[in-house]
Every structure is written in C-alpha cells, then in structure tokens.
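Structure record follows, encoded as structure tokens.
The values are calculated or read from the model by the stated rules, or taken from the named source; none is laboratory data. Keep in mind it's a predicted model, so treat the numbers as computed, not measured. Here the Cβ positions follow ideal geometry from the backbone for every residue, glycine too, while neighbour counts run over all protein chains shown. Remember, those area values only see protein heavy atoms, side chains included, never the ligands or the DNA or RNA. Shrake-Rupley method; radii C 1.70, N 1.55, O 1.52, S 1.80 Å.
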Amino acid sequence: MLAEDQELSPSEASAILGISRPLVVLRMDRGDLPFRYVGKHRRALLKDVLALKSKLDKRQTAMEALAEDTEDLIETYGL
C-alpha cells in the first residue's frame with residue numbers, strides 16, 4: 001500500500017503516468033508536477049503524480065470525444 005505523501009523518483013512517476021521519464025522531468029521543469037530535490041535527485045509526491053494523471057486522463061478523454069465528433073461530422077456532412 002502506498003501513502004499519498006510517499007515520494008517518487010521520475011522513473012517511478014513515469015510508470016504511473018504512462019509517459020517516459022524525460023517527459024516527467026519536462027513536466028517537473030514546466031511546473032506541471034511539483035517536486036523537490038533530495039541531493040541531486042528529484043522527488044515528487046504520489047498525490048501530485050496522481051493529480052497529474054487525473055488531469056492527463058481527462059484531457060485524453062476530451063481529445064477522444066473530439067476525434068469522434070470530427071469523424072461523425074465528416075461522415076454526416078462530407079467535410
């Protein structure tokens with residue numbers, strides 16, 4: 001069982017988010033994923049990783065719905 005205040009490395013966060021480790025680091029640098037340094041190593045809280053995953057999942061769902069709507073418009077109106 002994981003605690004929400006558990007700290008994760010970028011590699012561990014990437015496994016949860018389903019994105020590459022370099023993309024996790026980019027998200028950290030952009031401010032999308034809060035983190036702190038432990039020595040030279042970045043660490044993010046599990047609760048912050050899960051919040052970002054929720055945000056990314058919602059965005060993906062919206063993109064899929066938009067793609068379906070676009071396909072429907074093309075089929076219906078021949079756009």
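Please determine, by comparing only the residues of the range 24-59 that are in a helix (DSSP H, G or I) and basic (K, R), which one is surrounded by the fewest Cβ atoms within 10 Å (Cβ to Cβ). Can you show your working first?
Here is the first cut: in the range 24-59, the residues in a helix (DSSP H, G or I) are 24-30, 46-59.
Now narrow it down to the ones that are basic (K, R): 27, 30, 47, 53, 55, 58-59.
Working: R27: 21, R30: 8, K47: 14, K53: 15, K55: 11, K58: 10, R59: 10.
Out of the qualifying residues, it is R30.
Inspect the range 60-79 for any residue being of a type outside the set (G, A, S), part of a strand (DSSP E or B) and open to solvent by 60 Å² or more (accessible area, probe 1.4 Å) and give the result as yes or no.
No: the range 60-79 contains no residue that is of a type outside the set (G, A, S), part of a strand (DSSP E or B) and open to solvent by 60 Å² or more (accessible area, probe 1.4 Å).
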